[in-house]
Amino acid sequence: MKLHISHNQAKAPLAHAGKTGEKISLVGLDRAGIAEALREFGIADKQLRMRSNQIFHWIYNYGITDFAAMSNIAKDLRARLADAFTLERPEIVARQISVDGTRKYLIRMAPGVEVESVFIPSVSKTGALCVSSQVGCTLNCTFCHTGSQPLVRNLTAAEIVLQLMVARDDLAEWPSSAGERKLTNIVFMGMGEPLYNTDNVAKALDIICDDAGLSVGRRRITVSTSGVVPEIVPMGERTKAMLAISLHAANDDLRTQIMPINKKYPLAELMAACRAYPGLSNSRRITFEYVMLKGINDSPAHAKELINLLKGIPAKVNLIPFNPWPGSNYECSDWETIERFADRINAAGYASPIRTPRGRDILAACGQLKSESEKIRASARRKSGGHQQ
Ligand code: SAH
Ligand code: SF4
C-alpha cells in the first residue's frame, strides 16, 4: 500500500511554549499567559488586555505564524514582537495519510517528547482529531500497546493545544470562523490517561473552546478515561466535555484482569461516578467503549452483564474491534460474534455502533500509537545507515 510519509528530521528541535533559543513561543498560551509574556516584554499595563486579546485572536482564529500579518498592530511593534517571540509550530517528524483519508502526525514537542495525533475524517460533515494527553501511560491495560510503554511525562496544556494547531495547518482550516470545517470534534483517545493530567487537559480546553480563537464547542469534545474515579465528576464540572469510559468488561474479576486500574476503582465506584456526571441526559450520553476480545469478553452472557450494568444510565456503547500489535496476547472477536453482541445491546435500547477501523494501513488505530512510529523511524534509520537507539 502506498503511503505518503514525510520525514523532516533535519530541522532543529523546537521546545514549545517555552524559550526557543532567545525567543519565547506564544503558541499554546492562554490569554493570561500571553498577557504575562507581554508585560515582561514591556507592554504598558493599560494596553495589556487589548494587546493580548489581539494577539490571541491572530494566533487562534487566524492561525498566523508571522507577526508581520498582525495588521492591527503598528509595524515597529510587530517587528519588536517578532524579535522577542515566536509563533512557529513544533516539528512534524512524520506525517502519514491513509488511503481512507486518516492522517497521523508524529510531533516533536521537545527533545525526547514525541506525540501522536490522528485526524479521522468522516463520511458525514464531522471529522475528529484524536489527541494525546501523555507520552506513554502508567496504567498497563493488557490489550493496549501504549500501556506497555513507560510514562515519559504529562503533556502541557500548550502541547495539547498544539496538536490541534498542527492539524488545522495541515488541513488548511484557518480562520476558525470559516464554515464547512472537516475537523469539528476532538477526542482524548490518543496516548495516555487524560484524567491523570486533568489540570492541563482542562486548561487546554479553555483555549480550544474560546470563541475568539479555535472555537470548538465543548460538546464536541470527548474525554476518554480508563476509570480514574475521583477525577471524573470534577473534570465534568470544570470542562463540560463529553465523557467516554473504557469499560471493556462488565464484571470486576474480568475487568481487573484486563485493566489493573479496576482493582483500585472497581465497577460499583466507577458507575456511581458515571451516574453523577454533570449534565448527563438522553442528548448527552456517556460513551462506553468496549474492545472485542475473542473468547474473553464477547459471549452472550457478557452482553447481558453489560446491559445490567448500564441500567438507568444515558449511555451508548462503542464496540471496538481489537487492534492487534506485536506481542499482544489477544485476538479480535469474529465479525459475526461482534454483530450478535451489538444486536443484543441494541435490543436493550442502547445504540451500539461497531467502530470501523480507520487508518489501518498507517497503524493509526486505537492502542497502536507511538510504538509503531518508533519502529518506522528505526527502520528508516537502519535504511539510511544511521544508529539504532
Ligand atoms: N487512556 C484513556 C484514553 C486513551 S485509550 C482510556 O483508556 O480511555 C483510547 C481507547 O482505545 C480506549 O478505549 C482503549 O481502551 C482503546 N484501545 C486501547 N488499545 C486498543 C487496541 N489494541 N485495540 C482496540 N482498542 C484499544
Ligand atoms: Fe493507558 Fe488507556 Fe491504554 Fe489503558 S487503554 S494503557 S489507560 S492509554
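The values are calculated or read from the model by the stated rules, or taken from the named source; none is laboratory data. This is a predicted model, so every value here is computed, not measured. Note that each Cβ is placed from the backbone with ideal geometry, even for glycine, and that neighbours are counted across all protein chains shown. Ligands, DNA and RNA are stripped out before the accessible areas are found, and what is left, the full protein with its side chains, is counted by its heavy atoms. Shrake-Rupley method; radii C 1.70, N 1.55, O 1.52, S 1.80 Å.
Some observations on this one:
- For the chain, with +1 on Lys and Arg beta carbons and -1 on Asp and Glu, the positive-most of 190, 260, 28 along the dipole: 28
- The distance between label points at residue 237 and residue 72 comes to 3.6 nm (points 7 Å beyond Cα on the Cα→Cβ vector).
- In degrees, nearest ten, helix 229-239 long axis to first principal axis of the chain (Cα): 40
- Efficiency of FRET between residue 339 and residue 301 - r from beta-carbon atoms, R0 22 angstrom, step 0.05: 0.80
- Each principal axis of the Cα cloud of the chain was evaluated for its coordinate range; sorted largest first, these ranges are 71, 54, 38 Å.
- Length added when fully stretched, residue 99-residue 46, from 0.36 nm per residue minus Cα-Cα: 13.8 nm
- When a 1.4 Å probe is rolled over the protein heavy atoms, the share of accessible surface on the chain that falls to carbon and sulfur comes to 52 percent.
- With a Förster radius of 30 Å applied to the C-beta separation of residue 32 and residue 80, the computed FRET efficiency comes to 0.90.
- The aspartates and glutamates within cross-link reach of residue 75, meaning a Cα-to-Cα straight distance under 12 Å and a gap of 8 or more places when in the same chain, come to none at all.
- Counting only DSSP beta bridges whose two residues both lie in the chain, roughly 55 percent are antiparallel.
- Nearest-ten-degree value, helix 31-41 long axis tilted from longest Cα axis of the chain: 30
- Net charge dipole size for the chain [Lys, Arg +1 and Asp, Glu -1 on Cβ; Debye, nearest 20]: 400
- Report note on the peptides 272-284, 101-113: ranked by the mean count of other C-beta atoms within 10 Å, highest first, their order is 101-113, 272-284.
- Applying 0.36 nm per residue to the separation of residue 151 and residue 220 and subtracting their alpha-carbon distance, the gain on full extension is 22.1 nm.
- Sum of side-chain charges, residue 72 neighbourhood, beta-carbon under 15 Å (Lys, Arg +1; Asp, Glu -1): +2
- Region 325-351 versus region 135-214: alpha-carbon centroid distance in Å: 27
- Considering only 202, 279, 226, the residue lying farthest towards the positive end of the dipole of region 199-312 is 279, judged by Cα position with unit charges set on Cβ.
- By the helix-only formula, in which each DSSP H run with n ≥ 4 contributes -39500 (n - 2.57) and the sum is divided by residues, the chain has a 222 nm mean residue ellipticity of -10000 deg cm²/dmol.
- Residue 308/residue 360 FRET efficiency (R0 51 Å; Cβ-Cβ; nearest 0.05): 0.95
- The C-alpha atoms of the chain define a longest principal axis, and helix 45-57 lies at about 50 degrees to it.
- Volume per residue that the Cα convex hull of region 225-364 spans, once the total is divided by residue count, Å³: 119
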